[in-house]
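A short reminder: the numbers here are calculations on the coordinates, not readings from a lab. Because the structure is a prediction, the values reported are computed rather than measured. Neighbour counts run over all protein chains shown; Cβ positions are idealised from the backbone, glycine included.
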Protein chains: 2
Amino acid sequence: MKTVILIGANGKMGQAALTGLSKHKVITAGRSGCDYTVDITSVESLRNLFKEVGHFDAVVNTVGVCEYASFTEMTEKQWMTTILSKMMGQINIVRIGQEYIADNGSFTLITGILNIKPIPFAIADATTSGAIDTFVQCVAHEMPRGIRVNSINPTVLEEAWDVYGEMMPGFQPVPGSLVGKAFERSVDGFINGQVLYVDA
Amino acid sequence: MKTVILIGANGKMGQAALTGLSKHKVITAGRSGCDYTVDITSVESLRNLFKEVGHFDAVVNTVGVCEYASFTEMTEKQWMTTILSKMMGQINIVRIGQEYIADNGSFTLITGILNIKPIPFAIADATTSGAIDTFVQCVAHEMPRGIRVNSINPTVLEEAWDVYGEMMPGFQPVPGSLVGKAFERSVDGFINGQVLYVDA
């Protein structure tokens, strides 16, 4: 049994991840309603989380704010909101977290299929997904103490289809429990530096 | 003959790009010693450049500041310097430039092979290259007025081997004139949303 910090536990992706973590002790973190409160855009908030939890073997992140607009309409501010959360926030989870995580621990980050299957309004989401998928593939080579880093790159969840379905014509949603398997494979396997696509 | 704005014309990559632009009217831009002064990290500076030049058919960018450090040593500030220049700076070249560029114009951005062939100290370079390579592949679908966007992803230049060779063991440098062909193929072809790798 591992101690796993699950960031964004109350969201739909967090609930999907949770289905793959049933054999572990899961500590929930998020903006509210969790064991710990954390804002991934704040280095101080992340550092407090890792310090306060103490011993942990894995961090699973399921959050990252993305702004949606057509490219010609998207503002610098919308770009930076997305970059500071989904991209720099996730890099900081690994950057700060690696100081505190147990030997042979793992980080599992979240991206999304829109960098592979682009759709209107999602350019910032796609670009930062591409950044994080690249990041995990490259940073894995230099993690200390046997620490692993992977990302989960899922298509839309069945559980979120009512929210996103209209902007994703022709996409086949997948059940959260299938995406949970990818989180499980990252946390419980030995794979490192991999992007785990979950698409139908 | 097209009017091409070449950003970073005095650098080694700018000189490589120039070898592929010989049939065009090239307007040089950079931090100093060029026809126009521009700082790609400033939206205002970019807007001034495009306004002042007036008519142009293509923008070729060959600059982007990257900080180099091992991942565990790289600071938030070093990450942000790299993100604001190589990533957001290049996105802004397209974002602002598309308001001014001629119909059927093109943007050619610069990345680099380290997202495909990672090496120590280059995690920020690799991550932002991954972001820009993803960006061009996705944004191409929504550019107005026939405007195209591509990126050139070269390995190290022969002309820069004395600077970078030591940190890139086992890499085969390529001549700038070969990389110039990729810039030419982007500017003079009809390809769009492509990453043009130049590797040996």
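What separates the Cα centres of region A:127-161 and region B:139-197 is a distance of 26 Å. Across the copies of the chain, B:T72 has label points (7 Å from Cα along Cα→Cβ) spaced 4.9 nm apart, shortest distance listed first.
Label point of B:G165 (7 Å along Cα→beta-carbon): distances to the other copies' equivalent points are 6.2 nm, sorted ascending. Compared with the alpha-carbon gap, the fully stretched path from A:D199 to A:M1 is longer by 68.4 nm at 0.36 nm per residue. Working from label points 7 Å from Cα in the Cα-to-Cβ sense, the B:T81 to B:T37 distance is 2.1 nm. Closest approach of a chain B beta carbon to the axis mapping chain B onto chain A (residue, whole Å): B:A131, 2. Need one word for region B:65-200: rounded, prolate or oblate. Basis is the Cα gyration tensor (sqrt eigenvalues a ≥ b ≥ c); a/c below 1.5 gives rounded, then a/b vs b/c decides. It is oblate, given that a/c is not under 1.5 and a/b is not larger than b/c.
Residue by residue, region A:61-70 carries 3J(HN,Hα) couplings of 9, 10, 10, x, 6, 10, 9, 10, 6, 5 Hz when phi is fed to the Karplus relation 6.51 cos²θ - 1.76 cosθ + 1.60 (θ = phi - 60°); x denotes Gly or Pro.
Remark: spin-label model distance A:E99-A:A69 equals 3.5 nm, labels positioned 7 Å along the Cα→Cβ axis.
Note on B:F107, B:F171: ascending count of other Cβ atoms within 10 Å places them as B:F171, B:F107, the fewest first. The overall shape of region A:121-199 is oblate: from the C-alpha gyration tensor, with semi-axes ordered a ≥ b ≥ c, the ratio a/c is 1.5 or greater and a/b is no larger than b/c.
Peptide B:66-75 shows a mean partner chain C-beta count of 3 within 10 Å per residue C-beta. Just list whichever of A:K86/B:K117; A:K51/A:K117; A:K77/B:K2; A:K12/A:K51; A:K117/B:K51; B:K23/B:K77 have alpha carbons separated by over 31 Å in the model shown. Beyond 31 Å between Cα atoms: A:K51/A:K117; A:K77/B:K2; A:K117/B:K51; B:K23/B:K77.
Between copies, the label points at A:H141 (set 7 angstrom from Cα along Cα-to-Cβ) are spaced 3.1 nm, reported in nanometres from shortest to longest.
Between B:E44 and B:R145, what's the calculated FRET efficiency when r is the beta-carbon distance and R0 is 30 Å? Round to 0.05. That pair, B:E44 with B:R145, gives E of 0.80.
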